[in-house]
Amino acid sequence: MDFSTLFGEGADRYAAARPLYPEALFEYIATQSPRRVAAWDCGTGNGQAAIGLAGYFERVEATDISAEQIARAFAHPRVRCGVQPAETPGPLRLTQALLSNLRLSKLRPRVAVPTSRMGSLSSAQSDSLAYRVSKAVANKVVQGLATDLVSDGIAMAAIHPGWVRTDMGGSAADIDATTSVRGIAAVLDGLSLGTTGRFVDHGGNELPW
């Protein structure tokens, strides 16, 4: 299966339906980067998160595996969009790129990777299989990096944001976006070397790998 075409066919609908993120999310991210020079939105889709980040950073690199998604990305003078390999190697490449900065950090360096419980290998469900596979691989990247980076004092976690009530998640979803974001922020605040390498939801509850 070609992951680069997974979201391409519905790019127009994706751009119309995917909601913007709460401002609280970007405010929190900005507090974790005192210089606010640059940010990278990996798996940007149409750039909804990139636009939010642009309000706090001098420049934003927004990448996605789908050329169709990037072609419909929202324009912003501080955002540069481009087609790059899939989100699966994204957490690995981003962590490697920022490793020297993370090692210098005096703010309890932490790396959180947004993922999904749909990537859990404990589930034998086969719907949205390509999506499940991509999240399972991302989870494994977190698990491996968490082991390698303990000696550098860097903590990592894979975080499932929950089933969120949005235009895409639907009205029957479990939680609203504000609850999800606040929960993720709390998980990050509590992340340490003692809890590194965990796969948790927005409430900090352990999930099976």
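The values are calculated or read from the model by the stated rules, or taken from the named source; none is laboratory data. Just so we're clear, the structure is a prediction, and the values are computed from it rather than from any experiment. Using ideal geometry, Cβ is built from the backbone for each residue, glycine included, and neighbour counts are taken over all protein chains shown.
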Taking first residues from the stretch 175-190 that are among the acidic types (D, E) and second residues anywhere that are surrounded by 14 or more Cβ atoms within 10 Å (Cβ to Cβ), the pairs with Cβ under 8 Å that are 6 or more apart or on different chains are D176/V164; D176/R165
Taking the stretch 113-154 and the residues there that are of a type in the set (S, T, Y) and surrounded by fewer than 20 Cβ atoms within 10 Å (Cβ to Cβ), the one that is nearest to T196 (Cα to Cα) would be T147
Note on the stretch 108-166: residues under 21 Å from T178 (Cβ atoms), of a type in the set (D, E, K, R) and out of contact with any Leu (no Cβ under 8 Å at 6 or more places or on another chain) are R165
Considering residues that are buried (at least 17 other Cβ atoms within 10 Å of the Cβ) and of a type in the set (G, A, S), the number found within the stretch 155-209 is 10
Given (1) without any contact (Cβ under 8 Å) to a residue 12 or more places away in the chain; (2) farther than 24 Å from T31 by Cβ, V83 misses just (1)
Within the stretch 15-65, restricting to residues that are of a type in the set (S, T, N, Q) and closer than 19 Å to L92 by Cα, the one that is farthest from the chain's Cα centre (by Cα) is T63
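Report whether or not S180 is assigned by TED's automatic domain parsing to the domain that holds G197, under 22 Å from E61 (Cα atoms) and assigned to a helix (DSSP H, G or I). It would help to see each step written out before you state the result.
Numbers: assigned by TED's automatic domain parsing to the domain that holds G197: yes; under 22 Å from E61 (Cα atoms): no; assigned to a helix (DSSP H, G or I): yes.
No: the conditions fail for S180.
Can you tell which of R108, R165, R198 is outside the structural domain of T31 (by TED's automatic domain parsing), in contact with a strand residue (DSSP E or B) (Cβ under 9 Å, 6 or more places away or on another chain) and at pLDDT 95 or above? Quick ask: steps written out before the conclusion?
On the way: R108 fails: at pLDDT 95 or above; R165 fails: at pLDDT 95 or above.
Result: R198 is the single residue among R108, R165, R198 that is outside the structural domain of T31 (by TED's automatic domain parsing), in contact with a strand residue (DSSP E or B) (Cβ under 9 Å, 6 or more places away or on another chain) and at pLDDT 95 or above.
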Output for Cβ contacts, cut-off 9 Å, separation at least six or different chains, first residue more than 21 Å from T166 (Cα to Cα) and not assigned by TED's automatic domain parsing to the domain that holds D167 in the stretch 22-33, second among the small types (G, A, S) and exposed (fewer than 15 other Cβ atoms within 10 Å of the Cβ), reads A30/G55
Going through the stretch 94-143 in order, the residues found to be part of a helix (DSSP H, G or I) and more than 21 Å from P161 (Cα to Cα) are Q96, A97, L98, L99, S100, N101, L102, R103, L104
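Mind checking which strands (runs of 3 or more DSSP E) fall wholly inside the stretch 1-93 and carry at least 1 residues that are of a type in the set (S, T, Y) and either modelled with pLDDT of 85 or more or over 25 Å from I159 (Cβ atoms) (or both)? Break it down stepwise before answering.
Details: elements: 38-42, 59-64, 79-83.
Fully inside the stretch 1-93 and qualifying: 59-64.
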